[in-house]
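S.K.: The structure follows.
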Amino acid sequence: MILSELAKAVGGVLRGDGNLEIDRCASVRNAGTGAITYVDSKSRVPDLDACSASAVITGDGIKTNLSAIEADIPALAFAMALEILHPAGGKADGIHQTAVIDPSSKLGGECSIGPYVTIGGGCEIGDRVTIRASAVIGEGCRIGGGSVIFPRVVIYDGSIIGRNVILHAGAVIGADGFRFVEHGNERKKMPHIGIVRIGDDVEIGANSCVDRAVLDETVIGDGVKIDNLVQVGHNTVIGENSVIAGSCGISGSCRIGRNVVMGGQVGIADHIEIADGVVLAAKTGVTASIKKPGVYGGSFAQPIAEWRKSHVAYRKGSETLRRLSRLEQKGEKVEK
Amino acid sequence: MILSELAKAVGGVLRGDGNLEIDRCASVRNAGTGAITYVDSKSRVPDLDACSASAVITGDGIKTNLSAIEADIPALAFAMALEILHPAGGKADGIHQTAVIDPSSKLGGECSIGPYVTIGGGCEIGDRVTIRASAVIGEGCRIGGGSVIFPRVVIYDGSIIGRNVILHAGAVIGADGFRFVEHGNERKKMPHIGIVRIGDDVEIGANSCVDRAVLDETVIGDGVKIDNLVQVGHNTVIGENSVIAGSCGISGSCRIGRNVVMGGQVGIADHIEIADGVVLAAKTGVTASIKKPGVYGGSFAQPIAEWRKSHVAYRKGSETLRRLSRLEQKGEKVEK
Amino acid sequence: MILSELAKAVGGVLRGDGNLEIDRCASVRNAGTGAITYVDSKSRVPDLDACSASAVITGDGIKTNLSAIEADIPALAFAMALEILHPAGGKADGIHQTAVIDPSSKLGGECSIGPYVTIGGGCEIGDRVTIRASAVIGEGCRIGGGSVIFPRVVIYDGSIIGRNVILHAGAVIGADGFRFVEHGNERKKMPHIGIVRIGDDVEIGANSCVDRAVLDETVIGDGVKIDNLVQVGHNTVIGENSVIAGSCGISGSCRIGRNVVMGGQVGIADHIEIADGVVLAAKTGVTASIKKPGVYGGSFAQPIAEWRKSHVAYRKGSETLRRLSRLEQKGEKVEK
């Protein structure tokens, strides 16, 4: 592919030699002839001096000595270049002879089903679905077209997965939620007869878990992105396009809005509501509903500016105690 | 089943028409004719106005227009109704032809062993045990009657699992603990020859891990409930009926009492003792043993009332600094 | 084996009867005749009174009534004794007939490949590698000699694993990192064409995840030890011999030095650098690079002594407010 074609394909503006042959993407450090690299800030332009890439994707107003594609959102253009120059496998491998598929389940066209996959009865699998080695799909599940299920994912009975969903290795969809009823010294398990419903264009990271509902549904909205090792409790609903970083724990029966962003290791108590567009800093604890959009942080989520001030005072705590003692001593002198 | 029979079966008192046919449980929102739903607080009674359930399970003194079963612990009665009206599969599927079971292992009666399960040598599997697809049982393991092992659980060699235990997908029982001996710049792995022993009626969530002991045993007591993505370190002992929410991390060699309750993301350092009945708020950090029952919270666990007061002062920290400065200025004036 | 031989083998000094037969290691509580146990502090010597071990491994200057091996680092000597007296399986089981191995992949000598393992095309597996049941190795992976891959580990395409590496059950190596490009209301997935490179003598715990790089490599240095349920983000580099306890979350593009030690549940933001030898207390949050070795703790990592002082003041916060109010009242009186 030549640079001018690539520029067009990624919606950028060509600067320099449009006839350069581009055959791959690479980092500034490892790029050589034929590679296109990526620099999105002026401060990183000097790194290009020692770089032998053929070209660079960059932002408006960032000047470099290399031939370039300028784009409004350079990262977006680079993501598109990666897709074009490094297409994901995608070829349909067919159904491996070791896959155990219940005959009552229906598979769409051009599916790839890997070795040792098991698919229970009554499932509906869409077109161009990839299910990799040793994944386990329960009974009565639906998986929308174009979805990719990585090795060893487990999808419990009755789960509904949208189109173009990616579930990474080890993710568990639809295990029972954590609800027990205390009576005397014992705890009785609450049976879970609800399901998990995952929308379109969702990505869920490795070893993350989404529990099924007691009744009704646990819902992951369209476009939601969940990182690795995240826990989503039973009956919780996560709104469209929300983004949840690694190791977060969201308890049961929460209502998380749209476009909510959570940093890593955030914890949310049960029955919490979080408004659309809320951003939670890493490690935030949420024990009361958040009704207004904004950025929040701290052990008991508070607006981030407030939290920062509280934290500055916290770090001065020891000095504060000394100042207080000094004042008290002076006060005593005055009284005498 | 008619309502009067169900009332008897769940130990509740019938209010209204005992001859109503009930065939399922459902949420207030989705219940229709034939369904019984569940409302456990007066504040939720108005929700029943638009609900077309045939009946409702509710608490003493909560009046509704629907025919009802009143129960001392409504959630307990509803859990029982779920069990009665939605019995879990339970049918013995037999042993799938692809299961690889060492001939030296013994299986009880009416077991269900799924596709691609592997069971090492010298195991003793009790009656009515279910082992789902692709689970891996090591050598010399024991699994008590009635237990359910979900897909892809891994049980390392020598683990002992009680009766009626539920291990959810991806749980790992008996991996080596995290112990290395520093010498110079290197770390030598401490071999782990101990085991994990799990009591009766334990439930362990998806992708949770319980490490084996260096010597002797890591013990999960009878009736313990562990949520998803929880880590239990080597040689730790968890007392009966304790409840551990998602993403908690319990280090090695801890002694956790009976009926201890931990919220999500709690972290406990190694060699800690926690008394019976202690409750730890979500995200609590425990770095010193807790000898008295009570509710604790905070980065260094403190009694919850204390912690709340500390936190109130924390949030006022910035104002505190301003008040302090004002006093200092006044003091200087006085001195002049 | 007799005690004098064992003393020599573990590099310790014999005290007492060198002809005692020793056939196993055991805890003080459960040791009997033939067992050697381990006591590394004077305070635990009284426990030996009721112990019927044949001998004990102990430290310099710790006197006991039992025959003993004294060692500079008793834990190291005990680890060596465990290795000698309880050798890990190690026998080559050969290749199970159910393993699906692409013919274009090369296996070294004396490998053990368990049931239902799948190995993609173009892999190079070294000598004496053990791959346990249902593990999934993608295409083009390399695994160095002597490594042990426990059941259900998933290694994505192109990953490079060193020699004598241990990957515990459920670990996921090389899933896509968590990077999306916002444009309008949507998020485009950044394709990940980089790999994961794991050095020699690394151990990674159960259900932990190491994401692949966007470009280039995510690197786990030689000798690194990672506990269970840890997340390592894309493009991050972890220096040699660092130790990371359970449930830590390390974001993308971090540079973690050598010999760094992290307690449990530590969280590190993206693009952070941490100097060699830094120690992070459990639950530390790191949002700014740490350039100097030392021990750090707190929500925004600070030197541990500072943090402790801040925390002492935090716990006195409520009293501080009372003292401040009292001073203000006095001040008002004085002004009158």
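S.K.: What does the net charge come to around C:SER54 if you take all other residues with beta carbon closer than 14 Å to its beta carbon, with K and R at +1 and D and E at -1?
M.R.: Neighbour charge sum, excluding C:SER54 itself: -2.
S.K.: May I ask you to report, in nm to one decimal and beginning with the shortest, the distances from A:SER104 to the same position in the other copies, taking label points 7 Å along Cα-to-Cβ?
M.R.: 4.0, 4.0
S.K.: Which one, B:SER104, B:SER318, B:SER112, has the greatest fluctuation when you compute a Gaussian network model over chain B with C-alpha springs under 10 angstrom?
M.R.: B:SER318
S.K.: Moving on to the next point. Give the separation of the Cα centroids, the stretch C:184-218 to the stretch B:1-78, in Å.
M.R.: 51
S.K.: I've got another one for you. Please enumerate, by chain and number, the aspartates and glutamates with C-alpha under 13 Å from the C-alpha of B:LYS225, excluding those fewer than 8 residues away in the same chain.
M.R.: Leaving aside aspartates and glutamates fewer than 8 places away in the same chain, those within reach of B:LYS225 are A:ASP176, A:GLU182, A:GLU186, B:ASP200, B:ASP201, B:GLU203, B:GLU240.
S.K.: For B:GLU21, tell me the accessible area in Å² from a 1.4 Å probe, rounded to the nearest 10.
M.R.: Here the accessible area works out near 120 Å².
S.K.: What dipole magnitude, in Debye to the nearest 20, does chain C give about its Cα centre under +1 on Lys/Arg Cβ and -1 on Asp/Glu Cβ?
M.R.: 1640
S.K.: In debye, nearest 20, what is the charge dipole magnitude of the stretch A:13-108 about its Cα centre with +1 on Lys and Arg Cβ and -1 on Asp and Glu Cβ, if you could check?
M.R.: Once rounded to the nearest 20, the dipole reads 100 debye.
S.K.: Next question. Report the relative contact order of chain B, percent, no decimals, based on alpha-carbon pairs under 8 angstrom and at least 6 residues apart.
M.R.: 6
S.K.: By the scheme Lys and Arg +1, Asp and Glu -1, what is the net charge of all other residues having a beta-carbon under 12 Å from that of C:LEU85?
M.R.: Overall, the nearby charge balance is -3.
S.K.: Once both labels are modelled 7 Å past Cα along the beta-carbon direction, what's the A:LYS42-A:LYS292 spacing in nm?
M.R.: Each label point is offset 7 Å from its Cα along the Cβ direction, giving 3.6 nm.
S.K.: Once the Cα gyration tensor of the stretch C:224-336 is found, what semi-axes does its equivalent ellipsoid get, as square roots of 5 times the eigenvalues, in whole Å, sorted largest first?
M.R.: Three semi-axes, in Å: 40, 13, 12.
S.K.: Could you tell me what percent of the DSSP beta bridges with both partners in the protein assembly as shown are antiparallel, to the nearest 5?
M.R.: Beta bridges within the protein assembly as shown, antiparallel portion: roughly 15 percent.
S.K.: Further, regarding this structure: What three numbers, in Å, describe the spread of the alpha carbons of the stretch C:48-92 along their principal axes, ordered from the longest?
M.R.: Principal extents (largest minus smallest coordinate, Cα): 43, 24, 12 Å.
S.K.: While we're here: Using a 1.4 angstrom probe on the protein heavy atoms only, could you order A:GLU203, A:GLU5, C:GLU328 from most to least accessible area?
M.R.: Largest accessible area first, the residues go A:GLU5, C:GLU328, A:GLU203.
S.K.: Compare B:MET262, C:MET1 by solvent-accessible area with a 1.4 Å probe and give them largest first, with all protein chains kept in place.
M.R.: Most to least solvent-accessible, the answer reads C:MET1, B:MET262.
S.K.: Restricting to bridges with both residues inside chain B, how much of the DSSP beta-bridge set is antiparallel, in percent to the nearest 5?
M.R.: Expressed as a percentage, antiparallel bridges in chain B total about 15.
S.K.: Along its three principal axes, how long is the protein assembly as shown when you only count alpha carbons? Whole Å, largest extent first please.
M.R.: Projected onto the principal axes, the Cα atoms of the protein assembly as shown cover 94, 84, 84 Å.
S.K.: Quick one: ranking B:ARG323, A:ARG326 by accessible area, 1.4 Å probe, largest first, what do you get?
M.R.: Output order, biggest surface exposure first: A:ARG326, B:ARG323.
S.K.: Cut-off 10 angstrom, C-alpha nodes, Gaussian network model of chain A. Which of A:ILE36, A:ILE244, A:ILE193 fluctuates the most?
M.R.: Comparing A:ILE36, A:ILE244, A:ILE193 in a Gaussian network model of chain A, the most mobile one is A:ILE36.
S.K.: Now for a different question. What's the FRET efficiency of C:ILE84 with B:HIS96 using the Cβ-Cβ distance as r and R₀ = 60 Å, to the nearest 0.05?
M.R.: Here the calculated transfer efficiency is 0.90.
S.K.: How big is the accessible area of A:ASP127 in square angstrom, nearest 10, if you roll a 1.4 angstrom probe over the protein chains?
M.R.: 80
S.K.: Taking only protein heavy atoms and a 1.4 Å probe, what accessible area per residue, in Å², does the stretch A:223-326 have with all protein chains in place?
M.R.: Per residue, the stretch A:223-326 has 36 Å² of solvent-accessible surface.
S.K.: Take the Cα radius of gyration of the stretch B:111-181 and divide it by 2.2 N^0.38 Å, with N its residue count; two decimals is plenty.
M.R.: 1.06
S.K.: Turning to a different aspect of this structure: Starting from the Cα of B:LYS8, draw a straight line to each of the lysines and keep only those under 22 Å, dropping any in the same chain fewer than 8 residues away.
M.R.: A:LYS188, A:LYS189, B:LYS63
S.K.: Also, I was wondering about something else. Which net charge results when you count Lys and Arg as +1 and Asp and Glu as -1 among the other residues whose beta-carbon is under 11 Å from that of A:VAL278?
M.R.: That works out to +1.
S.K.: List the relative contact order of the stretch C:1-67 as a percent without decimals, with contacts defined as Cα pairs under 8 Å and 6+ residues apart.
M.R.: Over the stretch C:1-67, the number comes to 28 percent.
S.K.: Which one, B:GLY267, A:ASN228, B:GLY16, is farthest towards the positive end of the dipole of the protein assembly as shown when Lys and Arg carry +1 and Asp and Glu -1 on their Cβ?
M.R.: The listed residue farthest towards the positive side: B:GLY267.
S.K.: Would you mind working out the magnitude of the charge dipole of the stretch A:72-186 relative to its Cα centre, with +1 at each Lys and Arg C-beta and -1 at each Asp and Glu C-beta, to the nearest 20 Debye?
M.R.: 300
S.K.: Distances from A:ASN185 to the same residue in each other copy, label points 7 Å out along Cα→Cβ, in nm, shortest first?
M.R.: Nearest to farthest, the other copies are at 5.6, 5.6 nm.
S.K.: To the nearest 100 Å², how much accessible surface do chains B and C cover up together, summed over both, with a 1.4 Å probe?
M.R.: Buried area between the two chains comes out at roughly 4900 Å².
S.K.: So, taking all protein chains as they sit and a 1.4 Å probe, how much accessible area belongs to B:VAL129, in Å² rounded to tens?
M.R.: My reading of the accessible area for B:VAL129 is about 0 Å².
S.K.: What does the copy distance list look like for A:GLY61, label position 7 Å along Cα→Cβ, in nm and ordered from shortest?
M.R.: Ordered by increasing distance: 6.7, 6.8 nm.
S.K.: Another one. Measuring from label point to label point, each 7 Å out along Cα→Cβ, what is the A:VAL312 to C:GLU182 span in nm?
M.R.: My value for the distance between the label points is 2.5 nm.
S.K.: Express as a percent, rounded to the nearest 5, the fraction of DSSP beta bridges in the stretch B:247-318 (both residues included) that run antiparallel.
M.R.: Counting only bridges with both partners in the stretch B:247-318, antiparallel ones make up about 15 percent.
S.K.: For labels at C:ASP60 and C:ILE2 in the simple 7 Å Cα→Cβ model, what's the distance in nm?
M.R.: Here the answer is 2.8 nm between the modelled labels.
S.K.: Another question, if that's okay. In whole angstrom, how long is each semi-axis of the equivalent ellipsoid of the stretch B:100-257, when you take the square root of 5 times every eigenvalue of its Cα gyration tensor and sort them from largest down?
M.R.: Semi-axes (√(5λ), whole Å): 26, 18, 13.
S.K.: A further question on this structure: Give me the extension gain from B:LYS106 to B:ALA305: residue separation times 0.36 nm, minus the current Cα-Cα distance, reported in nm with one decimal.
M.R.: Value of the extension gain: 66.3 nm.
S.K.: If contacts are Cα pairs under 8 angstrom and at least 6 residues apart, what is the relative contact order of the stretch B:176-240 in percent?
M.R.: With pairs under 8 Å counted, the relative contact order is 33 percent.
The values are calculated or read from the model by the stated rules, or taken from the named source; none is laboratory data. Everything quoted here is computed from the prediction, not taken from an experiment. Glycine gets a Cβ as well: all are built from the backbone with ideal geometry, and neighbour counts include every protein chain shown. Side chains are part of the model used for accessible areas, which takes the heavy atoms of the whole protein and leaves out ligands, DNA and RNA. Shrake-Rupley method; radii C 1.70, N 1.55, O 1.52, S 1.80 Å.
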